[in-house]
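Below is one structure, written out as structure tokens; the observations come after it.
The values are calculated or read from the model by the stated rules, or taken from the named source; none is laboratory data. Computed from a predicted structure; not experimentally measured. Cβ: placed from backbone, ideal geometry, glycine included. Neighbour counts: every protein chain shown. The protein model used for the area step is the full one, side chains on, heavy atoms only, and it has no ligands, DNA or RNA in it. Shrake-Rupley method; radii C 1.70, N 1.55, O 1.52, S 1.80 Å.
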Amino acid sequence: KKLKRVRLKTLSEKQGGLSGDFFKVECEELDGKTMMLVLKKTGKGKEAHAIALGTAREGKFFENFGDDTFISSVIPKCYFSYGDLASGIKQVLMKFEEGVPAGIYFGKGNPNNWAITDDEMATMNKNGKTPLEASECTFKLYARLHSRYWMDASMLSHEWLRGAEWIRGKGRDAWEKAQQLSADAWNELKSKENEKIFSSIFIDSHLIACLDASFNKCYWDSFQTELQQRPWTLVQSDAHPHNVLHIRNEEDRFILIDFEMVGIGSCAQELGQFLISHAEPQFRRLHEYQLVTNYHNDLLIALTDSGHKHVSYDFSACWSEYINGGAGRWIWFVPYLAKVCPLDMAIFFHNQLAAFLKDHFPRPEDVPMPRV
């Protein structure tokens with residue numbers, strides 16, 4: 001379309017993701033109509049950070065899969081996308097959707113909501129959803145996304161997808177460096193010079209025993225054996241409620257946002273990562289089994305709809321991956337976050353993981369290795 005005028009408005013820094021800038025784009029057409037878009041791009045001076053994290057893969061994701069009609073209902077509408085992992089440069093131009101991050105519905109107790117005023121929270125929660133409704137809607141999105149490229153060998157040719165090389169038995173050095181990042185953080189936190197910080201955060205002896213056991217299991221050959229024992233598919237990878245948008249118009253629907261970490265991995269791991277991140281332990285205990293059951297049912301339906309009707313994936317495997325994948329992912333996260341986050345935030349995630357481990361791993365020796 002021919003445009004008369006384009007105006008850019010900078011949105012909050014957090015909305016840009018790990019290394020991005022985020023703009024609202026107002027396009028005024030010649031006939032006076034207005035079209036609203038959003039532009040997400042690598043921020044100036046943030047290229048090195050983007051290269052290190054590989055966040056330009058979000059541009060590659062929309063380049064390659066933005067037009068996939070089967071998953072178009074669960075991701076933003078994209079008009080233009082570019083991503084180059086070598087330079088870190090990313091540009092993604094998407095349809096603007098007026099909505100609220102689903103993480104808002106999990107309340108002020110979550111660190112992502114601490115900076116939001118009570119009045120802002122009340123406004124965003126008006127006509128909103130409960131944490132259970134938000135979780136149910138999100139797990140339906142995951143079921144559809146996960147079903148599309150289930151064990152699809154062609155996906156492994158996209159080396160920019162996080163984890164694709166590992167499934168092919170390659171990328172050992174990158175995997176070991178990623179694991180070492182959290183292991184080093186854990187060992188440093190336990191050192192004598194950090195005794196005060198450690199004792200302020202890590203007050204749960206069971207969690208400490210679980211993390212020690214987990215890091216002791218961290219070997220490439222063991223990881224490769226694990227990968228052969230569980231199915232893999234396309235995953236968002238950064239699964240938490242603030243990466244889900246509730247579009248509050250007449251459609252009243254949810255979409256997944258932020259694909260900077262998109263990759264190939266365990267489907268049910270995303271469910272565990274999602275709930276440990278935001279759900280209060282009491283809420284999680286009450287609803288996790290039914291949520292995973294519903295997800296499993298939706299996944300089987302979506303697998304049939306996407307042409308994978310002969311796939312066998314029983315509930316016990318799904319439940320096991322919810323537990324092991326969620327625990328493994330957050331075992332990696334917690335030491336790293338304890339080093340880079342404010343103390344109160346580190347304590348929050350310590351408590352979230354500690355509750356999950358007590359519920360599902362009464363014996364520390366049963367925990368999985370960390371998952372990156």
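Kindly indicate whether any position in the stretch 288-297 is of a type in the set (A, V, I, L, M, F, W, C) and either within 27 Å of K140 (Cα to Cα) or surrounded by fewer than 20 Cβ atoms within 10 Å (Cβ to Cβ) (or both). Give the derivation first.
Let us first name the residues in the stretch 288-297 that are of a type in the set (A, V, I, L, M, F, W, C), namely 291-292.
Now narrow it down to the ones that are either within 27 Å of K140 (Cα to Cα) or surrounded by fewer than 20 Cβ atoms within 10 Å (Cβ to Cβ) (or both): 291-292.
The answer is yes, given that some residue of the stretch 288-297 is of a type in the set (A, V, I, L, M, F, W, C) and either within 27 Å of K140 (Cα to Cα) or surrounded by fewer than 20 Cβ atoms within 10 Å (Cβ to Cβ) (or both).
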### Task
Show the residue pairs that are 6+ apart or on different chains and have beta-carbon atoms under 6 Å apart, the first residue being within the stretch 75-93 and over 10 Å from E47 (Cβ atoms) and touching a residue at least 60 places away in the same chain (Cβ under 8 Å), the second being outside any strand (DSSP E or B) and open to solvent by 40 Å² or more (accessible area, probe 1.4 Å).
G83/K60
### Task
Would you kindly identify the helices (runs of 4 or more DSSP H) lying entirely within the stretch 266-372 that contain at least 1 residues that are under 22 Å from P101 (Cα atoms) and in contact with a His (Cβ under 7 Å, 6 or more places away or on another chain)?
269-278
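How about the stretch 1-97: which strands (runs of 3 or more DSSP E) wholly inside it have at least 3 residues that are more than 23 Å from the chain's Cα centre (by Cα)?
On the way: elements: 3-10, 20-29, 34-42, 78-84, 89-95.
Fully inside the stretch 1-97 and qualifying: 3-10, 20-29, 34-42.
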### Task
Just one of (1) open to solvent by less than 60 Å² (accessible area, probe 1.4 Å); (2) more than 30 Å from S157 (Cβ to Cβ); (3) out of contact with any Cys (no Cβ under 9 Å at 6 or more places or on another chain); (4) of a type outside the set (A, V, I, L, M, F, W, C) trips up G20, so point out which.
(2)
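Regarding the stretch 308-330, can at least one residue be identified that is open to solvent by less than 10 Å² (accessible area, probe 1.4 Å) and either of a type in the set (D, E) or more than 18 Å from P368 (Cβ to Cβ) (or both)?
Of the residues in the stretch 308-330, the ones open to solvent by less than 10 Å² (accessible area, probe 1.4 Å) are 318, 322, 325-328.
Within this subset, residues satisfying the condition of being either of a type in the set (D, E) or more than 18 Å from P368 (Cβ to Cβ) (or both) are none.
No - not one qualifying residue is present in the stretch 308-330.
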### Task
Select from the stretch 352-364 the residues that are free of Cβ contacts under 8 Å to residues at least 40 places away in the same chain and not charged (D, E, K, R) and write down the one among them that is surrounded by the fewest Cβ atoms within 10 Å (Cβ to Cβ).
P362
### Message
more than 28 Å from E260 (Cβ to Cβ), surrounded by 14 or more Cβ atoms within 10 Å (Cβ to Cβ) and either within 21 Å of the chain's Cα centre (by Cα) or among the aliphatic types (A, V, I, L, M) (or both): which single residue out of A174, A164, A209 fits that description?
### Response
A209
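The rows are residues; the columns are (1) free of Cβ contacts under 8 Å to residues at least 12 places away in the same chain; (2) farther than 22 Å from I264 by Cβ.
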| site | (1), (2) |
| --- | --- |
| F23 | no, yes |
| C27 | no, yes |
| D31 | yes, yes |
| T42 | no, yes |
| K46 | no, yes |
| L53 | no, no |
| N64 | no, no |
### Task
Among residues belonging to the stretch 103-156 that are touching a residue at least 60 places away in the same chain (Cβ under 8 Å) and hydroxyl-bearing (S, T, Y), point out the one that is surrounded by the most Cβ atoms within 10 Å (Cβ to Cβ).
S135
### Pair list, Cβ < 6 Å and 6+ apart or interchain, from the stretch 173-197 residues that are within 14 Å of S214 (Cβ to Cβ) to residues that are among the basic types (K, R) and open to solvent by 30 Å² or more (accessible area, probe 1.4 Å)
A185/K339
